[in-house]
Amino acid sequence: MQNANTGRAEHLITVNGEQRRVSLRPADTLLYTLRDELGLTGAKPGCENGDCGACTVLVNDVPMKSCLLLTMEFVDQDPPRSVETVEGLDGAEVQRQFLQHWAFQCGYCTSGFLMLVEGLRRQRPEANRDELVDWLRSNICRCTSYAELIHAVEGVLERERGAAPASDHPTPVPPTR
Amino acid sequence: MIPMDFSYWRTETAEEAVAVYQQLADDGQHPVYYAGGTEVVTRARLGALTPGAVIDVKAIPEARRLGRDGGCWHVGAALSLADLIHDGAWPLLARVAERVADHTTRSHITLGGNLAGTIAYREAALPFWLADADVATVGPHGRRTARFRDRFDGTLALDPGELVVSLSVPDGVRQQPSYAQKATRLDYVDYPLVTIAALRGAEGQVHVALSGLKPEPFRSAALDAALIGSGSSADRAGRAARHLPATLVEDLHGTADYRRFVAQTVLADALTALEGP
């Protein structure tokens, strides 16, 4: 059994493959440890109620909402539970497809969607349209870029399956401004 | 951000978790068991729940059990709804679970948390309520296995500090014809107007359990009995609907009258699916 008493203490956590020392309260959520202790601000606070998905990260390749997780669930573990944030993607195919398909507008939700879709690519590269839409329902884009998001996800999955991206949805023309 | 402080305990056996709970409760710490966190974290953030300690039970091996043994399918209470959907061994449970919350959040929500939590809908309880399922718990008075339906009447009757460890369902039940439907109003991912789970028993009779109508799940022997007899699915659903609760939830998702209409519709849908029109 392990326990941590109330109050702030130092613990070890592994994020993006790197072990880091963090100071935290047992009541701290992973979202705020990532942002305030580790400077990884890609995970965004949105609803903080598990509804919007802007804080999505990967835990052992599974998308999870960091606002719903206590950081204590991830510290001092051997082997460590792998946490990946958008900062760990570093030019991944999913990011290229989002750019190519203009799958964002204001961008606030984008890092959460990127982690969700990266999880889909790793777990279910054979996903069909219905399945990918079911995954996408986990996150909210207030700018409603959903059509572009679906095109980007299809591009990611087609690349993953080794097929040339379908040409039935032409790349949108960027805005002129 | 959670405004209050609490201590965190990661336990490795059910007995250890219960002993820690007892000690902390005796010390006035108001402990809560912690699994998926969707309820504890969101309610603590709002100050609606103020635990002095959270006891993480996700690492308890028997609460992560999944598989067949002795003619039953056993499922640990600390497994996520996503785990149960992926496993797919009980199609009715998988169909009900895959409409709870959203895809990502189903990787958080655990079976035990859905059954024993305070959030009203508890849709994962519906299949177990219909089946000859057993629920295994560990509490201050030791281990206990009981028929789920003997301990669940919309809420799971647990003693203070009693922890749900696992559930089991006879293999034959999992193969019985079943039906599930969730009706929502505002969006696909939403709380239910009505969720129905229906199971056709070995004797051919359809049994149903419903969520969304009352503050807790509902089922009724009189309603099940009214589903038997002559007439079309719609006729029998109409007769059965007279046995719905007199007072139904009325909120922004739907009026009580609308919920009654939708409930009657999904009852007819279930009968049609399991018996034909």
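Just so it is clear, none of the values below were taken in a lab; they were calculated from the coordinates. Nothing here was measured: the structure is a model prediction, and the numbers come from that model. Here the Cβ positions follow ideal geometry from the backbone for every residue, glycine too, while neighbour counts run over all protein chains shown.
Within a 10 angstrom radius of each residue's Cβ in A:66-76, how many Cβ atoms of other chains show up on average? Whole number is fine.
Across the residues of A:66-76, the mean count of other-chain Cβ atoms within 10 Å is 5.
Given the convex hull over the Cα atoms of chain B, what projected area results after averaging over all orientations, in nm²?
Dividing the Cα hull surface by four gives the mean projection, 14.7 nm².
Mind ranking B:164-171, B:13-20 by how tightly packed they are, going by the mean number of other C-beta atoms within 10 angstrom, highest first?
Values: B:164-171: 21.9, B:13-20: 20.0.
Descending packing order for the listed peptides: B:164-171, B:13-20.
For chain B, with a Gaussian network of springs between Cα atoms less than 10 Å apart, report the residue from B:Gly142, B:Gly204, B:Gly117 with the top mean-square fluctuation.
Fluctuation is largest for B:Gly142.
Against the 2.2 N^0.38 Å scaling, with N counting residues, where does the protein assembly as shown land? I'd like the Cα-based Rg ratio to two decimal places.
Working: Rg = 23.1 Å, N = 454, 2.2 N^0.38 = 22.5 Å.
That works out to 1.03 for the protein assembly as shown.
Just from its helices, what would the mean residue ellipticity at 222 nm be for the protein assembly as shown, if runs of 4 or more DSSP H residues each count -39500 (n - 2.57) and the sum is divided by every residue, rounded to the nearest 500 deg cm²/dmol?
-8500 deg cm²/dmol
Within 10 Å, count the other beta carbons around each residue, average over each peptide in A:35-43, A:122-130, and list them highest first.
In descending order of packing, they fall as A:35-43, A:122-130.
Within 10 Å, Cβ to Cβ, of A:Thr41, how many net charges do the neighbouring residues add up to if Lys/Arg are +1 and Asp/Glu are -1?
Working: positive: A:Arg35, A:Lys44; negative: A:Asp36, A:Glu87.
Its environment carries a net charge of 0.
In a GNM of chain A with a 10 Å cut-off on Cα contacts, which of A:Ser66, A:Ser145, A:Ser111 has the highest mean-square fluctuation?
Top of the fluctuation ranking is A:Ser145.
Using a ≥ b ≥ c from the Cα gyration tensor of chain A (square roots of the eigenvalues), is it rounded, prolate or oblate, where a/c under 1.5 gives rounded and otherwise the larger of a/b and b/c decides, a/b for prolate?
prolate
Starting from the 7 Å offset along Cα-to-Cβ, what nm value, one decimal, do you get for the label separation of B:Arg143 and A:Thr144?
Each label point is offset 7 Å from its Cα along the Cβ direction, giving 5.6 nm.
Along the range B:259-269, what does the Karplus equation 6.51 cos²θ - 1.76 cosθ + 1.60 (θ = phi - 60°) give for ³J(HN,Hα), rounded to whole Hz, x for Gly and Pro?
4, 5, 4, 5, 4, 5, 5, 6, 4, 5, 4
With label points built 7 Å along Cα→Cβ from the Cα atoms of A:Arg96 and B:Glu62, find their separation and express it in nm.
5.2
So what does the Cα-only Debye profile of the range B:176-275 read at q = 0.15, 0.24 Å⁻¹, as log10 I(q)/I(0), no solvent term?
Taking Cα atoms of the range B:176-275 as identical point scatterers yields -0.53, -1.30.
Taking every residue in A:47-57, how many Cβ atoms of other protein chains lie within 10 Å of its Cβ, on average?
Counting Cβ atoms of other protein chains within 10 Å of each residue's Cβ and averaging gives 3.
So what's the net charge close to B:Gly71: Lys and Arg +1, Asp and Glu -1, counting the other residues with Cβ under 13 Å from its Cβ?
Details: positive: B:Arg68, B:Arg174; negative: B:Asp69, B:Asp132, B:Asp134, B:Asp171.
With Lys, Arg at +1 and Asp, Glu at -1, the net is -2.
Using Cα springs under 10 Å in a Gaussian network model of chain A, which residue among A:Thr71, A:Thr110, A:Thr144 shows the largest mean-square fluctuation?
Sorting by GNM fluctuation, first place goes to A:Thr144.
Over the Cα atoms of the range A:9-87, how large are the radius of gyration and the largest Cα-Cα distance (Dmax), in Å?
11.2, 32
Partner chain Cβ atoms within 10 Å, averaged over the residues of A:130-140 - can you pull that number for me?
3
How far apart, in nanometres, would the label points at B:Arg185 and B:Asp69 be if each is projected 7 angstrom from Cα along the Cα-to-Cβ direction?
4.6
Could you give the length gained on full extension between B:Asp153 and B:Thr118, defined as 0.36 nm per residue of separation minus the Cα-Cα distance, in nm? Display every interim value, and only then the final one.
Working: separation 35, 0.36 × 35 = 12.60 nm, distance 1.37 nm.
Full-extension gain reported as 11.2 nm.
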